[in-house]
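Enquirer: My questions will all concern the structure given below.
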Amino acid sequence: MGIDLIPIISNCIYARDSVFSGSGRERADCLMGFFGDSEIKSIFDVSGGDLGNEVLPYLDYDVIKNSQATFWGYSDLTTIINAIYAKTGLVTYSGPHYSSFGMKYGLDYTLDYFKKLNINDDIYFICGTDNL
């Protein structure tokens with residue numbers, strides 16, 4: 001059983017507002033476009049989420065709650081991940097960025113658990129140690 005990752009790149013990725021990919025509203029509009037597209041199953045940020053708090057006022061949590069897409073990110077994206085969970089109760093993932101799938105080291109581990117989390121409903125505990 002295999003999965004295909006077919007990237008759909010945001011129109012916002014090349015926008016510039018100072019050093020960021022567009023204003024908070026532009027970035028939120030791009031994100032909401034993904035959540036509103038029933039064909040999209042997972043949303044990954046390309047890299048860090050500096051100033052993710054600028055996006056929060058423009059998110060439509062009703063659309064997000066009714067979306068079938070999972071949201072993945074880490075680092076500064078914790079702001080958006082926590083807001084989505086707080087406002088909708090949906091599970092989000094502190095996990096790979098889009099760029100993580102191009103990493104030379106650790107890719108097998110990342111892909112293995114990504115597939116497990118996205119292909120079946122089993123529960124997995126992932127941690128950095130055997131000593132819980």
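Enquirer: Beyond 21 Å between alpha-carbons counts as too far, so tell me which of 41/65; 41/115; 65/115 fall in that bin. Walk me through the intermediate numbers first.
Expert: On the way: 41/65 13 Å; 41/115 13 Å; 65/115 23 Å.
From 41/65; 41/115; 65/115, over 21 Å: 65/115.
Enquirer: Also, quick follow-up: Please list, in chain and number order, the residues 5+ apart from residue 70 or on another chain whose amide H is under 5 Å from its amide H, with Hs placed from the backbone.
Expert: Answer set, sorted by chain and number: 42, 43.
Taken together, the values in this text are just the output of simple stated rules run on the coordinates, not laboratory data. Because the structure is a prediction, the values reported are computed rather than measured.
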